[in-house]
Amino acid sequence: MSKDLYSEIDRDRFRERLNKYTRKAFQLLPELDKPRILDVGCGSGVPTIALAKLSKGEVVGLDIDQSLLDELNRKIEVEGLSNRVKTRKCSMFEMDFPDESFDIIWAEGSIAVIGFERGLKEWRRLLKPGGFLVVHTETRKMSNKLKKIPCFGYKLLSQLPLPEDAHWTEYYKSLEIRIQELRAKYKNDSETLEVLRKNQNEINMVKRNPKEFSSAFYIMQKL
Ligand SMILES: C[S@@+](CC[C@H](N)C(=O)[O-])C[C@H]1O[C@@H](n2cnc3c(N)ncnc32)[C@H](O)[C@@H]1O
């Protein structure tokens, strides 16, 4: 997708509406003094920036997609956070930070890439003793996985389910209106229309059955 079309769709504007849940999840953690946070699969960094503001600590936003990190770097600059927020282009499968580097690992919408169990297992060494892992993921098929959390060396401290249709009402519904506007604007531009069609396909999946995309934050502590 061209940079211009990315800015025109401006998904982040809608994504920011879900930050209220990021804030609630963060408030479920005990108070930490300037924690060091790793945001795994940070994308364009909507939660990364929120975490920096909430924690007053240092945040590393890690993602495999450089174009999203470029967008995050732009936000870091605009927000004047370059002393506390850094980006790292790296796969979550290949994170080579030293052991016990972080007080908190935060993963919103990204742990499914590596799988819940493997993520818990591989990321544990990166947490300081007593550090926290916060995962926001779909609630489907989670009950068995939750039972296994202690086997991977964590305690489940709390769960924060989002309202069942939050992704639809707070994100996809407004995104759909934006996509429709752009389809009208670019009705003679087949390349752009193809990109917009793919966006619409993603929206349709959620629209058909919003409850299937129910999600929750899971807040865990390293044992
Ligand atoms: C659903 S998005 C979530 C973005 C962000 N956390 C948020 O909540 O807005 C998932 C992110 O995971 C990233 N991702 C996918 N595979 C990855 C990998 N192997 N290593 C690191 N990040 C990856 C994608 O580039 C994308 O930015």
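The values are calculated or read from the model by the stated rules, or taken from the named source; none is laboratory data. In this text, all values refer to a predicted model and were calculated from it rather than measured experimentally. Every residue, glycine among them, receives a Cβ derived from its backbone with ideal geometry; neighbour counts consider all protein chains shown. Surface accessibility is based on the protein's heavy atoms, side chains included, excluding ligands, DNA and RNA. Shrake-Rupley method; radii C 1.70, N 1.55, O 1.52, S 1.80 Å.
Side notes on the structure shown:
- Yes/no for Y154 being among the aromatic types (F, W, Y) and more than 16 Å from the ligand (Cβ to nearest atom): yes
- None of K155, K207 is within 28 Å of F26 (Cα to Cα) and among the charged types (D, E, K, R) except K155.
- Of all residues making up region 87-99, the number that are within 15 Å of the ligand (Cβ to nearest atom) and either open to solvent by 50 Å² or more (accessible area, probe 1.4 Å) or free of Cβ contacts under 8 Å to residues at least 12 places away in the same chain (or both): 5
- Residue among G109, G80 that is within 11 Å of the ligand (Cβ to nearest atom) and either within 30 Å of S2 (Cβ to Cβ) or charged (D, E, K, R) (or both): G109
- Exactly one residue among S158, S143, S174 is surrounded by fewer than 18 Cβ atoms within 10 Å (Cβ to Cβ) and modelled with pLDDT under 95, and that residue is S143.
- Every test in (1) within 12 Å of the ligand (Cβ to nearest atom); (2) over 20 Å from T137 (Cβ atoms) is passed by R74 save one, and that test is (1).
- Restricting attention to region 64-123 and to residues that are small (G, A, S) and part of a helix (DSSP H, G or I), the residue that is farthest from L28 (Cα to Cα) turns out to be S67.
- The residue list G43, G61 contains one member that is buried (at least 18 other Cβ atoms within 10 Å of the Cβ), touching a helix residue (DSSP H, G or I) at 6+ places or on another chain (Cβ under 6 Å) and assigned to a loop (DSSP other than H, G, I, E, B), which is G43.
- Residue in region 47-63 that is over 16 Å from L126 (Cβ atoms), touching a Phe, Trp or Tyr at 6+ places or on another chain (Cβ under 9 Å), within 12 Å of the ligand (Cβ to nearest atom) and not aliphatic (A, V, I, L, M) present: yes
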